[in-house]
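Q: Next up is a structure, given as structure tokens.
The values are calculated or read from the model by the stated rules, or taken from the named source; none is laboratory data. The shown structure was predicted, so the numbers you read here are calculated from the model rather than taken from an experiment. No Cβ is skipped: glycine too gets one built from the backbone with ideal geometry, and neighbour counts run over all protein chains shown. Accessible surface is based on the protein model in full, side chains and every heavy atom, while ligands, DNA and RNA are left aside. Shrake-Rupley method; radii C 1.70, N 1.55, O 1.52, S 1.80 Å.
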Amino acid sequence: MALPAFLTSCSSMAKKPSWKEPCSIAANLDSRNEGSVRNFFESFFTPYQVVNADGTANGLVTGYYEPLLHGSRKRGGAYQTPLYSAPDDLITVDLATVYPELKGLRVRGRLVGNRVVPYPTRAELDKSGSLAGKEIVWVNDPIDAFFLQVQGSGRVQLSDGEMLRLAYADQNGYPYKSIGRYLIDKGELTLAQASAQGIKAWLAANPRRQQELLNANPSYVFFKEEKLSDANLGPKGAQGVPLTSKRSIAVDSHFVPLGVPVFLATTLPNSNKNLQQLMMAQDTGSAIKGAVRADFFWGYGDEAGEMAGRMKQRGMMWVLLPKVAIK
């Protein structure tokens, strides 16, 4: 149902004048009454199709999810792969403070003398051991740890029974590079095989090349620990509100404003079966670039991971804006 996800966005959007009335009315609707919900969106919003710079209307729709890992607060036994909090020497420079025309652009690095230099890559960080002391937990699978960084957040079942959530805190400043694309370019996998499942199968067959493959992505994500107060709620996205399974998408906020409803027309993973429904633009991602580009949040757990890992579909998008805002 789209209404609960919309109301989640309203927790921040209702502060804007054009959103105050729609959010107020939506709060009193019955989410089970599909007719009244549909009438609400048709009455208060106008759809605008999103198009690319070249005028085309089709784009890529991928999927992501909240994975479950197994770990321990202390290193030992099977728990040998650390997940880190942000290092103390990582700094972020907001370029708009010097060049206003670069609003939204930031660079990350570290200070050496009086110069800001690039932060180390994934390969350099793993080799140097410079993150020692910033470990949050140790997990039992380096591949799962890598994919957690790709997803940006996840849950860790600790050996003592505690469940915690790791949320995105920061990253080392390098753009994400797909290890699936790396294997395709090397002739190791076909495009159809380069799903999360296909990559894991390749790694199982080529364990000695694991580090080579992981280092193909120089980006390194750091986490922060959050309490898991409600297991039914997803992690917080870039909008600052919890994501809703199968109703939240990540977008490029340079083209699609965070918090707005987006009608998404695509297909189910590895299928021609239509997937057409109202979503909420509640997140962003370093790999989500371009106007007609969306990352579909499938939720939590293995089933969600299966769907997300196989999703690489074509799709179209329509942004819904409040009618009062466009009069």
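Q: May I ask for the percentage of alpha-carbon pairs in the stretch 58-208 that lie more than 27 Å from each other? Could you put the intermediate results ahead of the total?
A: Details: 4106 of 11325 pairs.
Value for the stretch 58-208 (Cα pairs over 27 Å): 36 percent.
Q: Considering only Thr81, Ser24, Gly55, whose Cα is most displaced toward the positive end of the charge dipole of the stretch 1-89, charges sitting on Cβ of Lys, Arg (+1) and Asp, Glu (-1)?
A: The one lying farthest along the dipole's positive direction is Thr81.
Q: Pairing the Cα long axis of helix 142-151 with the longest principal axis of the chain, what angle in degrees results, from 0 to 90 and rounded to the nearest 10?
A: It is inclined by approximately 30 degrees.
Q: While we're looking at this one, here's another question. When the accessible area of the chain is split by element with a 1.4 Å probe, what percent falls to carbon and sulfur?
A: With neighbouring chains kept in place, the figure for the chain is 51 percent.
Q: May I ask you to derive the FRET efficiency for Ser130 and Lys15 from their Cβ-Cβ distance with R0 = 51 Å, giving the value to the nearest 0.05?
A: 0.80
Q: Could you point to the residue in Gly113, Ser128, Leu68 farthest towards the positive end of the chain's charge dipole, with +1 and -1 charges on the Cβ of Lys/Arg and Asp/Glu respectively?
A: Checked the options; the winner is Gly113.
Q: Keeping all protein chains in the complex and leaving out DNA, RNA and ligands, what accessible area do you get for Phe222 with a 1.4 Å probe, in Å² to the nearest 10?
A: 0 Å²
Q: Here is a further query. Can you give the accessible area of Asp160, probe radius 1.4 Å, in Å² rounded to 10?
A: Here the accessible area works out near 110 Å².
Q: While we're on this one: Using a 1.4 Å probe on the protein heavy atoms only, what accessible surface does His70 show? Give it in Å² to the nearest 10.
A: Only protein atoms counted, so the area is about 90 Å².
Q: Same structure, new question: Provide, as a two-decimal number, the C-alpha radius of gyration of the chain over 2.2 N^0.38 Å, N being how many residues it has.
A: 1.04
Q: What percent of all Cα-Cα pairs in the stretch 153-273 falls into each 5 Å bin, going from 0 up to the bin containing the maximum distance?
A: 2, 8, 13, 14, 17, 20, 16, 8, 2, 0
Q: Determine the relative contact order of the chain: mean sequence separation of Cα pairs under 8 Å and six or more apart, normalised by residue count, in whole percent.
A: 27 percent
Q: Say we join alpha carbon atoms closer than 10 Å with springs in a Gaussian network model of the chain; which of Lys74, Lys127, Lys20 then has the biggest fluctuation?
A: Checking each option, the largest mean-square fluctuation is seen for Lys127.
Q: Which value, in debye to the nearest 20, gives the size of the charge dipole of the chain about its Cα centre, when Lys and Arg are +1 and Asp and Glu are -1 at the Cβ? Walk me through the numbers before you get to the answer.
A: Working: 37 positive and 30 negative charges, 86 e Å.
With Lys and Arg at +1 and Asp and Glu at -1, about 420 debye.
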